[in-house]
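First the structure, in the form of structure tokens, and then the observations on it.
The values are calculated or read from the model by the stated rules, or taken from the named source; none is laboratory data. Just so you know, these numbers come straight off a predicted model, no measurement behind them. Please note: Cβ atoms are built from the backbone with ideal geometry, for glycine as well, and neighbour counts cover all protein chains shown.
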Amino acid sequence: MFEIKKSPLQLLEFFLLENQFFVDSNGISSGDEIDAIFDSYPVSVDFAHHDGEGDEFQVFVIIDINKDRKKPGYSMYCTGMGIFKLPTEEIDVNSSVYKNLKLYSTVNMVINQLRNILSLQTAYAPHGRFNLPPIDIGDLFAKKSEATKSKKGSKK
């Protein structure tokens, strides 16, 4: 066992802002096929950072699973918000560590809060627990950056 060093990043609060959960059992003939159905669900994620006062800021994450209900089983949509604090007296705002903590770590933390909610919500549902698959955060940020560039380009 190793004693931990606490990160300067603090999750002050987490709020579940919206939660939609729909169950459709049509097309499911046995419990054996549900894992394959779960694996085939389209999953979309979006996120945004908003600076607050001082060293505090907010991170919003939206997760949409099986949005158009094209697959049987579950359709889920949730929005969460984390309020974070990253003291600038402890870490240089221009450092890569600061940027990594403020951007990547916070989105991961909010996704994990929502992941837990989705797992618990489906634990006693008719088709069993749905576990949100691991997410390639680097790819998610690359897609967000590209979408932001496209949006800015279309406004010109």
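If a residue has to be part of a loop (DSSP other than H, G, I, E, B) and not hydroxyl-bearing (Ser, Thr, Tyr) to count, how many in the range 1-52 make the cut?
Looking only at the range 1-52, we keep the residues that are part of a loop (DSSP other than H, G, I, E, B), and these are 1-9, 25-30, 41-42, 52.
Next, from what is left, pick out any that are not hydroxyl-bearing (Ser, Thr, Tyr): 1-6, 8-9, 26-28, 42, 52.
Total satisfying the criteria: 13.
Selection within the range 126-143: residues that are surrounded by 13 or more Cβ atoms within 10 Å (Cβ to Cβ) and within 13 Å of the chain's Cα centre (by Cα). The member of this set that is nearest to residue 72 (Cα to Cα) is 132. The set of residues in the range 126-156 being aromatic (Phe, Trp, Tyr) and part of a helix (DSSP H, G or I) consists of 141 alone.
Every residue, every condition in (1) in contact (Cβ under 8 Å) with a residue 60 or more places away in the chain; (2) of a type in the set (A, V, I, L, M, F, W, C), yes or no:
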site: 119; (1), (2): no, no
site: 127; (1), (2): yes, no
site: 130; (1), (2): yes, yes
site: 133; (1), (2): yes, no
site: 138; (1), (2): no, no
site: 144; (1), (2): yes, no
site: 150; (1), (2): no, no
site: 154; (1), (2): no, no
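Just wondering, is there one or more residues in the range 91-114 that are in contact (Cβ under 8 Å) with a residue 12 or more places away in the chain, surrounded by 11 or more Cβ atoms within 10 Å (Cβ to Cβ), farther than 28 Å from residue 8 by Cα and of a type in the set (Ser, Thr, Tyr)?
no
Within the range 110-125, track down each residue that is part of a helix (DSSP H, G or I) and either within 8 Å of the chain's Cα centre (by Cα) or among the aromatic types (Phe, Trp, Tyr) (or both). Answer for the range 110-125, where residues must be part of a helix (DSSP H, G or I) and either within 8 Å of the chain's Cα centre (by Cα) or among the aromatic types (Phe, Trp, Tyr) (or both): 110, 111, 112, 113, 114, 115.
Restricting attention to the range 12-33, and to residues there that are in contact (Cβ under 8 Å) with a residue 60 or more places away in the chain and touching a Pro at 6+ places or on another chain (Cβ under 9 Å), which single residue is surrounded by the fewest Cβ atoms within 10 Å (Cβ to Cβ)?
Quick first cut of the range 12-33, residues in contact (Cβ under 8 Å) with a residue 60 or more places away in the chain only: 12-19, 21, 23, 25, 28, 31.
From the residues that got through so far, the ones that are touching a Pro at 6+ places or on another chain (Cβ under 9 Å) too are 23, 25, 28.
Details: 23: 13, 25: 11, 28: 16.
Going through the qualifying residues, I end up with 25.
Among the residues of the range 56-77, those identified as farther than 16 Å from residue 108 by Cβ, at pLDDT 95 or above and crowded, with 17+ Cβ neighbours inside 10 Å are 64, 65, 66, 74, 75, 76. Among the residues of the range 36-55, those identified as exposed (fewer than 13 other Cβ atoms within 10 Å of the Cβ) and of a type in the set (D, E, K, R) are 39, 51, 53.
Quick one: is residue 43 aliphatic (A, V, I, L, M) and under 18 Å from residue 144 (Cα atoms)? Walk me through it before giving the result.
Numbers: aliphatic (A, V, I, L, M): yes; under 18 Å from residue 144 (Cα atoms): yes.
Here the answer is yes, as residue 43 does meet what is asked.
Look through 98, 77 and report the one residue that is of a type in the set (Ser, Thr, Tyr) and either part of a strand (DSSP E or B) or within 30 Å of residue 34 (Cα to Cα) (or both).
On the way: 98 fails: either part of a strand (DSSP E or B) or within 30 Å of residue 34 (Cα to Cα) (or both).
Exactly one of 98, 77 is of a type in the set (Ser, Thr, Tyr) and either part of a strand (DSSP E or B) or within 30 Å of residue 34 (Cα to Cα) (or both), namely 77.
Give me the residue from the range 94-127 that is at pLDDT 95 or above and small (Gly, Ala, Ser) and, out of that set, nearest to residue 60 (Cα to Cα). It comes out as 105. Taking the conditions (1) modelled with pLDDT of 95 or more; (2) in a loop (DSSP other than H, G, I, E, B); (3) among the aliphatic types (A, V, I, L, M) in turn, residue 91 satisfies each one other than (1).
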